[in-house]
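To start, the structure under review is shown below, and the notes come after it.
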Amino acid sequence: MNPQVELPVTNEPGSARLALSVALAGLISGIAIIGIYEATLPTITANKARLLREAVFKVLPGVSRMQQLGFVDGSLKPMGEDDEAVDEDLTLYGGYDTDGRFIGYAIPSDGPGFQDTISLLYGYLPGKGRVVGMEILDSRETPGLGDKIYKDAVFVANFSNLVADPEIVTVKKGTRSAPNEVDAITGATISSKAVVRIINEGQARWRDKLPAPGQEPPLPDPAETPAATAGSD
């Protein structure tokens with residue numbers, strides 16, 4: 001008969017110790033994520049501001065200066081750094097030429113697309129009632145199809161001189177015949193219609209809030225509050 005050999009007893013870590021280890025690891029990871037976020041937030045914010053500024057100059061041809069405007073106490077007013085925060089849905093951007101003459105508004109708007117929310121900026125000339133440019137700011141539409149709303153130059157060109165009132169209409173590609181119509185993208189009709197709907201919603205939101213043509217807020221005195229200019233950091 002072979003003698004029995006006793007194996008050494010190993011103490012398995014208890015459930016409490018395992019839970020503590022997992023919690024500690026999660027805490028360390030959470031602190032690291034927060035630290036990275038806080039460290040990169042200024043850069044992210046600066047990049048977003050730069051991209052937005054560039055988009056304003058893209059959607060409003062002829063603009064060289066801009067300022068943020070907010071609908072406050074029943075009227076459109078310039079927004080300074082010391083002003084109280086205004087709902088993003090009640091802010092837009094005024095575009096001006098080198099001499100400070102008003103040209104048009106760059107209006108942000110967003111809404112659901114085929115995959116997710118589409119955020120865009122469009123240029124609007126109130127004196128002519130026309131949209132003169134459109135730039136997608138954020139989109140997660142289907143690659144190769146829905147992403148054509150910003151990659152298809154022909155579709156984007158639809159918005160270079162488009163009658164906005166009473167509303168913009170999406171039509172089948174190749175059938176555009178009226179100044180307020182947009183040719184949809186073949187294979188991405190939902191995304192095409194979403195862009196048009198988002199602009200129409202922006203127009204409906206601002207139609208009764210914009211001052212009469214010729215009464216737009218002027219640029220502030222450059223000596224007091226410099227406005228953003230094309231190409232500025």
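The values are calculated or read from the model by the stated rules, or taken from the named source; none is laboratory data. Bear in mind the structure is a predicted one, so any value in this text is a computation, not a measurement. Heads up, the Cβs are rebuilt from the backbone with ideal geometry, glycines too, and the neighbour counts pull from every protein chain shown.
Can you find a residue in region 187-206 that is surrounded by fewer than 16 Cβ atoms within 10 Å (Cβ to Cβ), aliphatic (A, V, I, L, M) and at pLDDT 95 or above?
yes
Taking region 59-107 as the search range and keeping residues that are basic (Lys, Arg) and in contact (Cβ under 8 Å) with a residue 24 or more places away in the chain, which one is surrounded by the fewest Cβ atoms within 10 Å (Cβ to Cβ)?
The qualifying residue surrounded by the fewest Cβ atoms within 10 Å (Cβ to Cβ) is 77.
Among the candidates 127, 123, which residue alone is modelled with pLDDT under 95 and closer than 17 Å to residue 63 by Cα?
So the residue among 127, 123 that is modelled with pLDDT under 95 and closer than 17 Å to residue 63 by Cα is 127.
For the subset of region 167-180 comprising residues that are assigned to a loop (DSSP other than H, G, I, E, B) and in contact with a helix residue (DSSP H, G or I) (Cβ under 9 Å, 6 or more places away or on another chain), which member is surrounded by the most Cβ atoms within 10 Å (Cβ to Cβ)?
168
Inside region 197-219, can you point out the residues that are among the β-branched types (Val, Ile, Thr) and assigned to a loop (DSSP other than H, G, I, E, B)?
none
Would you confirm whether any residue within region 155-162 is part of a strand (DSSP E or B) and either surrounded by fewer than 20 Cβ atoms within 10 Å (Cβ to Cβ) or at pLDDT 95 or above (or both)?
yes
Quickly run through region 75-88 and pick out the residues that are within 18 Å of the chain's Cα centre (by Cα) and either of a type in the set (Val, Ile, Thr) or at pLDDT 85 or above (or both).
Scanning region 75-88 gives a single hit, 86.
Has region 99-106 got at least one residue that is under 30 Å from residue 187 (Cβ atoms), part of a strand (DSSP E or B) and at pLDDT 95 or above?
Yes: one or more hits.
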